Structures are given as C-alpha cells and as structure tokens.
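Below: one structure, written as structure tokens.
The values are calculated or read from the model by the stated rules, or taken from the named source; none is laboratory data. Values in this document were obtained by computation on a predicted structure and should not be read as measured data. Each accessible area value is taken on the protein alone, full model and side chains, heavy atoms only, with ligands, DNA and RNA left out. Shrake-Rupley method; radii C 1.70, N 1.55, O 1.52, S 1.80 Å.
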Amino acid sequence: MRTKLHLTLWLIALFLGLMGTSLHARGQTSGNFGKDNALKWEYSYVTRTLTISGQGEMPDYNTPANLPWNHVRNDATKVIIEEGITYIGAYSFCLYDNLVSVDLPKSLTRIGAFAFSGCPILSSIDIPEGVIRINMGAFENCISLSSITLPK
C-alpha cells in the first residue's frame with residue numbers, strides 16, 4: 001500500500017515537473033514595453049491570443065525579431081489591441097503565419113509601416129473611424145485579405 005502511494009506521488013511530481021518545463025520552454029507570456037514601459041503585452045497559449053493594452057503609442061520596430069513577443073509569432077491566431085492604444089508601431093505583427101483575427105480599438109489613429117505585412121491567412125479587418133493614416137506596406141503580402149472596412 002505504501003509503495004503504491006509513493007509511486008503515485010512520484011508520478012505526480014514527475015508529471016508536474018515535465019509540465020513546468022514545457023511551459024517554461026514556450027517563453028515569457030507578458031511584459032511591459034514602450035515609452036516608460038507604459039504599455040503591456042500578454043499572450044495566452046490556451047487561446048493563442050496576443051493582447052496589447054495601455055495608453056498611447058506603440059513604438060516602431062525595425063524588424064520583427066526585435067519585438068518582445070516575437071517568440072509567439074508562429075503560434076498566435078488572434079491579436080487584440082485594447083482601447084487606449086493610439087498607434088500600432090511598424091512591424092508589430094509582421095509575418096504572423098497563423099493570424100486569423102485582429103481587433104482594433106476606437107482610440108486608434110494610425111497604423112505603422114508593415115505592421116501586419118506577411119500575414120497570409122488574415123482575411124478581413126475593420127479599421128476604426130478614428131484612423132487617419134495607414135502607413136506604407138501595413139497589409140502587404142496579406143494574400144488572403146479580401147475584406148477591409150475603412151473609415152468614412
């Protein structure tokens with residue numbers, strides 16, 4: 001009886017240890033970024049959703065490799081930009097192979113260069129009324145993009 005209990009406890013400990021290693025190997029799931037670290041990114045491996053929150057503008061990046069959330073690029077299927085974000089920085093979501101859905105806030109006024117370029121299965125996007133500028137290449141090579149709702 002005691003041997004079975006010890007074996008069961010050992011197997012549970014082994015399982016939890018392996019699960020922790022697997023989660024750790026996936027990388028960081030949240031962090032602060034931007035001017036004065038005022039913005040936050042958070043990723044859920046369960047829902048495969050990347051959420052950006054805070055107040056103000058996202059910074060521009062010169063390559064996707066410099067993004068703090070670059071390690072989720074090939075996993076993410078959804079991006080949510082929450083209310084309060086006014087600018088999506090250059091290259092912020094470039095080369096997201098599995099991106100299906102993007103939610104943009106009413107507070108958004110500009111979309112940076114190549115922000116969503118190279119998202120091959122993104123098929124539609126609704127640009128909010130407040131957007132006054134979409135920079136060069138923002139949706140370049142989004143080969144499935146067949147529906148774009150633009151502000152008046």
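Structure summary
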{"quantity": "For residue 100, residues with placed amide H under 5 Å, excluding near neighbours", "calculated": "78"}
{"quantity": "Length-normalised contact order of region 34-113 in % [C-alpha pairs under 8 Å, at least 6 apart]", "calculated": "30"}
{"quantity": "Region 113-152: radius of gyration over Cα atoms, expressed as a fraction of 2.2 N^0.38 Å", "calculated": "1.12"}
{"quantity": "Stokes-Einstein D in µm²/s, Kirkwood radius over Cα pairs - region 16-152 at 20 °C with 1.002 mPa s viscosity", "calculated": "142"}
{"quantity": "Carbon/sulfur fraction of accessible area - region 108-152, other protein chains in place, 1.4 Å, %", "calculated": "53"}
{"quantity": "5 angstrom amide H check on residue 107, placed H, neighbours 5+ away", "calculated": "84"}
